[in-house]
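What follows is a single structure, written as C-alpha cells, with notes after it.
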Amino acid sequence: MKRLISCAILAILACAAPEIKKMTPEEMAERKKEAEKYYSIGAEYLKQQNLDGALENFNTSLSYDSTFYEAWIGIGTVQRAKRDIVAAEEAFTKAKTIDPKRSKAYEALGDLYLVTDQYDKAIQEYKAGLQVDSNFTELYFGLADAFDKVGNITAADSVYKKAINLFPEDLGLRRGYGRLLMRQGRYQEAEEQLKPCCLRFPEVLELREEYADVLVENGKYSDALKEYEFILNQKPDNVNIIIKIGNVYMRQKKYTEARKQFIKARDLAPNDALPHIYLGDLNTRQGNYGVAETELRTALKIDNKLTAGYVLLGDLYRRQGEEARNAKKLETAYNHYKNALAQYSTVRSGDSYYKYASTEAERCRVIINKIKEELWFQGKKVDEP
C-alpha cells in the first residue's frame, strides 16, 4: 500500500514539474543581442548621468543574460554614483565571479575601496588585477595611489617606476608620478616626468600649469613665466594664473610687478579671497603692516576657513614683534607676539599649515616668556588674560 502511495506522489510530482526547454543556439544569440542592446542604452544613460535610466536598462540587459559581465560592471558603477557602497561592491564582485580572468572588476573594486578609505582591500584588489592583466595601466595608478594614501611612499614610488619602465610612452603614468613627486617636494624629478608630457601635449593648459608650477619650485622663473603667459594668452581672465605670475615676481623680489598682478587679480575677482591673501603677504614683506592686515582681514571676511590667512596674520604680528623687540620696545613686542600666537593657534592638526604654525607658535611662546623675564627685571609686569 505504501509503495502504491509513493508511486502516486512521484507521478503527481512528475506531472507538476515544469518542463525546462533548452534554447536553440539561435534563441541564445537573440537573447544575447537583446542584452547588448539594453546594455548600450544603459551605458548612454550613464554618460548623461541619468542613473535611474542606466540602472533600469542594465537590469533589463541581465534579464536576457544574467552572466553579462559589462552589465554587472555598469550596475556597480551606478550604485557607486548613488553612494550605495554595498550594492556596488556586490555588483563588482559578481562580475569578478563571472569572469575572474578579466581585470576591470578588480580595478572597479579597488577604486571603490580606495574612495571609502579601505586601503588594504584596495591594494589587494589592484594586485590581484595585475596578476590577471599586467598591461592594465589603471591598476598601476590605483595601486600607487593606495600606497600613497597609507603613507608607503617607497612602495608607491616603486609601482610608478615599474609601470613607466614597462610603458615608457604612457604619458598618463608620467603625469601621475610627477604629481606624486611634487607632493613629496622632489621637484627636479617631477620636472623630468612632466616635461615630456607638456612637450607632447602643448595645448593642454592644465598640464602646462602643473609643469610651470614645478619650474617655479626649481627656481626656473623665466621658463615658468613663459608657460604661465602662454596659458594667459588663451584665457586672459584666469585669476589663478595671474596670481601665480605675481607670485613668481614676488619670489624674485620684483615687488612692483608682483603688486600689479595681484591688484589685477583682485579687480577681476573682488569676491575671491586669494588676491587679498597675496597682497597681504606682499605688503608684510615690504613692511606695510597696516595695509597687509587690512588685506588679510578682508580675505578672512570673504572666507573665514582660509587657514593661510591666519598663518599670514601670525607672520605679520611676529615680524612686528621682532622689530619692536630689536628696538627694545618690549611691551609692544610682547603684545605682537601674543597676537601672533593667537593666530597660529587657530590652525588644527591635519591642516597642511599645521607643522609650520605649531613650530612658530612654540617659538612665540619661548620669546613671550623671555620678554616677560626681561620686563620683570625692569620692574614691569605684563597683563595676563
Inset, instruction - Would you check if there is a residue in region 230-252 being in contact with a Gly (Cβ under 9 Å, 6 or more places away or on another chain) and either in contact (Cβ under 8 Å) with a residue 24 or more places away in the chain or polar (S, T, N, Q) (or both)? - result: yes
Inset, instruction - Could you identify the single residue in LYS149, LYS161, LYS195 that is closer than 29 Å to GLU90 by Cβ and not aliphatic (A, V, I, L, M)? - result: LYS149
Inset, instruction - Looking for whichever is on the phi > 0 side of the Ramachandran plot and modelled with pLDDT under 95 here; the options are GLY172, GLY185, GLY219. Which one fits? - result: GLY185
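One line per residue, one yes/no per condition, for (1) within 25 Å of ASP148 (Cα to Cα); (2) without any contact (Cβ under 8 Å) to a residue 40 or more places away in the chain; (3) touching a Cys at 6+ places or on another chain (Cβ under 6 Å); (4) not hydrophobic (A, V, I, L, M, F, W, C):
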residue	(1), (2), (3), (4)
ASN50	no, yes, no, yes
LEU55	no, yes, no, no
ALA87	no, yes, no, no
GLU90	no, yes, no, yes
ASP99	no, yes, no, yes
TYR106	yes, yes, no, yes
ASP111	yes, yes, no, yes
ASP117	yes, yes, no, yes
Legend entry - Pick from region 212-224, criterion in a helix (DSSP H, G or I) and touching a residue at least 24 places away in the same chain (Cβ under 8 Å), ranking: surrounded by the fewest Cβ atoms within 10 Å (Cβ to Cβ): TYR221
Legend entry - Index of the failed condition, ALA155 passing every other in (1) part of a helix (DSSP H, G or I); (2) touching a residue at least 12 places away in the same chain (Cβ under 8 Å): (2)
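Results for (1) assigned by TED's automatic domain parsing to the domain that holds PRO202; (2) part of a helix (DSSP H, G or I); (3) farther than 29 Å from ALA324 by Cβ; (4) not β-branched (Val, Ile, Thr), shown as yes or no for each residue.
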{"residue": "LYS226", "(1), (2), (3), (4)": "yes, yes, yes, yes"}
{"residue": "MET250", "(1), (2), (3), (4)": "no, yes, no, yes"}
{"residue": "ILE263", "(1), (2), (3), (4)": "no, yes, yes, no"}
{"residue": "LEU274", "(1), (2), (3), (4)": "no, yes, yes, yes"}
{"residue": "GLU293", "(1), (2), (3), (4)": "no, yes, no, yes"}
Inset, instruction - Within region 128-152, count every residue that is surrounded by fewer than 16 Cβ atoms within 10 Å (Cβ to Cβ), more than 21 Å from the chain's Cα centre (by Cα) and assigned to a helix (DSSP H, G or I). - result: 1
Inset, instruction - Return the only residue of TYR113, TYR64, TYR38, TYR69 being of a type in the set (Phe, Trp, Tyr) and closer than 23 Å to ALA163 by Cβ. - result: TYR113
Inset, instruction - Would you mind listing the helices (runs of 4 or more DSSP H) fully within region 51-127 where at least 2 residues are farther than 30 Å from SER158 by Cα? - result: 51-64, 69-81, 85-98
Inset, instruction - Can you confirm whether region 298-312 contains a residue that is in contact (Cβ under 8 Å) with a residue 12 or more places away in the chain, charged (D, E, K, R), outside any helix (DSSP H, G or I) and closer than 30 Å to LYS149 by Cβ? - result: yes
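The values are calculated or read from the model by the stated rules, or taken from the named source; none is laboratory data. Bear in mind that the values here come from a model prediction, so they are computed numbers and not experimental data. A quick note on method: Cβ atoms are made from the backbone with ideal geometry, for glycine too, and the neighbour counts reach across all protein chains shown.
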